[in-house]
1. Any residue in region 23-34 that is closer than 19 Å to G139 by Cα, touching a residue at least 40 places away in the same chain (Cβ under 8 Å) and surrounded by 12 or more Cβ atoms within 10 Å (Cβ to Cβ)?
2. For the list (1) within 30 Å of N343 (Cα to Cα); (2) among the charged types (D, E, K, R); (3) open to solvent by 20 Å² or more (accessible area, probe 1.4 Å), I need the number of the one condition that E75 fails.
3. Which of the residues spanning region 142-153 are closer than 16 Å to E75 by Cβ and open to solvent by 20 Å² or more (accessible area, probe 1.4 Å)?
4. Within the group G237, G221, G215, G249, which residue is surrounded by fewer than 21 Cβ atoms within 10 Å (Cβ to Cβ), among the small types (G, A, S) and at pLDDT 95 or above?
5. Give the residue that is farthest from the chain's Cα centre (by Cα), with candidates limited to residues of region 103-114 that are open to solvent by less than 70 Å² (accessible area, probe 1.4 Å) and of a type in the set (A, V, I, L, M, F, W, C).
6. Just to be sure, is A86 farther than 23 Å from L38 by Cβ, surrounded by 14 or more Cβ atoms within 10 Å (Cβ to Cβ) and of a type outside the set (S, T, Y)?
7. Can you find even one residue in region 130-141 that is assigned to a strand (DSSP E or B) and open to solvent by 70 Å² or more (accessible area, probe 1.4 Å)?
8. Those residues that are within 17 Å of the chain's Cα centre (by Cα) and of a type in the set (S, T, N, Q), I need them from region 318-367; list them, please.
Amino acid sequence: MMHIAGKIILVFLLFLQVPAHVWAEEQKGVEKEITSFLHKLFEERTRLLSQHRPDSIEPFYLPKEKVSRFALQQEQRRAKYLHTWAEKRGVTFTESSGSIRIVRIKPRGDTAQVFLVHTLKLTYRYLGQSQKLHSFGVGTRHSIKLKKVQGTWHVAREWYSDPIEENPHTIPSDSAKQPSKTYSSQSDTQKQTVSARKKRFNREKAVQYANKYAGAAWGAGNNNRYNPKYLDYHYNGGDCTNFASQVIGDPEEGGGLPMRGGWYYRYKQGGSTSWVQTDALKHFLIYSGYGRQVAKGRYADIIKPTASHPQGALSRLQPGDLIGYELDGDIDHFSIVVGRDSNGYVLVNSHTGDRYQVPWDLGWDKYTTFVLIHIND
């Protein structure tokens, strides 16, 4: 026992004799090695989204280890979903590109914990419209555990929030060309009356805000950062509703709806329940008169022509309006309508994950109930 203890002490003393600058250089070398691996990993994963080759990313994982295999399959399902959605909507992805911003690397022997942000750009065109392209952005935050096996780093575990990863077999098959203009239920006389008075909701500024503060998504402004005036609820239930409230309610840059009742934000303190919680925001908008529910239903229900909505309920939405995504009776997510693509397809922005001018139903399935909310001017 004394002999073993002596060896341990000797090793410890030798460790203490390693100069600090040598230790620091070794750490820098490891971090440089990991950084190179991460760039290659995300380059290949990004390429997978436009060139569907599921086996191309396998060398970056450990398929024999359950958790690593799950992370690999998640990326493969994500790509499969994206390409299946494209087929059912009559589009094809022509380009994918992206970049990563590494926040922190914590090496520990043959493992390492990494935190990073991925900014992704995807470009598509409609079949038969080769000259018209539309690009949109997605931003995600990643927590990744790496493991070194036989001198090579691999993904051992990964977590990130990204609604694009869904079951490709549950994408609605119905598809219809959406009108490139927005249809309103107001009569011309009503429109003139509204335009003659000062509007309390500024749609143009609301959309500008949504585009500026869309976070890590490609295309967003503000150096891909959120508005620092507001707390970030990403790790506290999600930031989508907080962002929707900012878009329609920020008094300086956003839509300017006055905070009132239970809907408000206090600087450095946070938002009220109606400001940050999905169902609470929906109820506030409807019962306060700030908004009205245009329609509620599955994908096919809100795009098909009806007596009330000859062009489909979705056509009633204007830039600055909201779409709620309901699962099992509760709204799970909110996005903001910001425009339409060349084929009239509604585009939205959101947080968690961050999205910039993304097709409104991308990442959702036939079991999703869509709640269309028009913000009253």
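The values are calculated or read from the model by the stated rules, or taken from the named source; none is laboratory data. Note that the structure is predicted; figures quoted are calculated from it, not measured. Reconstructed Cβ throughout: ideal geometry from the backbone, glycine too, with neighbour counts over all protein chains shown. Ligands, DNA and RNA are excluded from the accessible area calculation, which covers all protein heavy atoms including side chains. Shrake-Rupley method; radii C 1.70, N 1.55, O 1.52, S 1.80 Å.
1. no
2. Result: E75 fails condition (3) only.
3. Taking region 142-153 first, the residues closer than 16 Å to E75 by Cβ are 142-146.
Listed by number, the residues that qualify are S143, K145.
4. Numbers: G237 fails: at pLDDT 95 or above; G215 fails: surrounded by fewer than 21 Cβ atoms within 10 Å (Cβ to Cβ); G249 fails: surrounded by fewer than 21 Cβ atoms within 10 Å (Cβ to Cβ).
Going through G237, G221, G215, G249 in turn, the sole match is G221.
5. First pass over region 103-114, keeping only residues open to solvent by less than 70 Å² (accessible area, probe 1.4 Å): 105, 107, 111-114.
Narrowing further to those that are of a type in the set (A, V, I, L, M, F, W, C): 105, 112, 114.
Working: I105: 23, A112: 26, V114: 20 Å.
Checked region 103-114; the qualifying residue farthest from the chain's Cα centre (by Cα) is A112.
6. Working: farther than 23 Å from L38 by Cβ: yes; surrounded by 14 or more Cβ atoms within 10 Å (Cβ to Cβ): yes; of a type outside the set (S, T, Y): yes.
Criteria met by A86.
7. From region 130-141, those assigned to a strand (DSSP E or B) are 133-141; that's our starting set.
Next, from what is left, pick out any that are open to solvent by 70 Å² or more (accessible area, probe 1.4 Å): 133.
Yes; the residues of region 130-141 include at least one that is assigned to a strand (DSSP E or B) and open to solvent by 70 Å² or more (accessible area, probe 1.4 Å).
8. If the condition is that a residue be within 17 Å of the chain's Cα centre (by Cα) and of a type in the set (S, T, N, Q), then S335, N349, S350, T352, Q357 are the ones that fit.
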